[in-house]
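Readers should treat all values here as calculations from the given coordinates under stated rules, not as data from a laboratory. Quick caveat, the model's predicted, so the values are computed rather than measured. Neighbour counts run over all protein chains shown; Cβ positions are idealised from the backbone, glycine included.
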Amino acid sequence: MKLILTLVLALTSTALLPQSHADFAGTPSVASKMRAHAFRLKPGQDFMIEIRKWAREHKIKAASIISVVGSFKKVNLRYANQENGTAQEGFFEIVSMVGTFDDTSEHLHASVSNGKGETFGGHLLTGNIVYTTAEVVVAELEDAKFSREHDAASGWDELVVRTKK
């Protein structure tokens with residue numbers, strides 16, 4: 001609880017931090033007020049398609065997953081250092097989900113467990129189909145804007161955080 005309270009205070013107390021500063025690696029960071037959103041996805045919906053649709057409809061420029069509770073009947077995750085996803089059918093509890101997204105892109109990871117309690121996780125792709133429910137809580141960072149830009153060091157399009165104008 002203390003960690004959650006610290007996170008909420010850090011995200012909402014913009015008077016305590018400069019609007020923009022460089023962290024230890026010299027990359028820009030932005031202090032921002034936070035607005036929480038909560039919604040539910042229903043059986044048969046594709047999690048990634050719906051989160052993209054929701055972000056576009058609400059013109060979300062910077063957001064993070066706070067919590068997701070629910071289940072999938074199909075999962076499609078890309079495991080570490082693999083080119084393609086691995087799709088499975090069955091019944092899976094959503095154990096955790098984290099990540100950042102905006103109205104044009106996302107980077108989400110999920111852990112799920114099967115009926116034996118075996119847990120696995122990876123990079124969330126399309127094809128994660130809700131079984132009974134997915135209760136989603138999102139933090140919108142009102143003063144920030146995310147983009148993804150090529151990073152020569154990683155070879156991937158990586159998160160860039162700017163002050164929203």
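Observations, loosely collected:
- The alpha-carbon of residue 73 sits under 22 angstrom from the alpha-carbons of these lysines, leaving out residues fewer than 8 places away in its chain: 42, 53, 116.
- The simple Förster model, with R0 at 30 Å and r as the Cβ-Cβ distance, assigns residue 40 and residue 84 a FRET efficiency of 0.50.
- Within the range 34-65: backbone nitrogen closer than 19 Å to the residue 74 label point (7 Å, Cα to C-beta): 41-53
- Virtual spin-label span in nm between residue 95 and residue 145, 7 Å along Cα→Cβ: 3.9 nm
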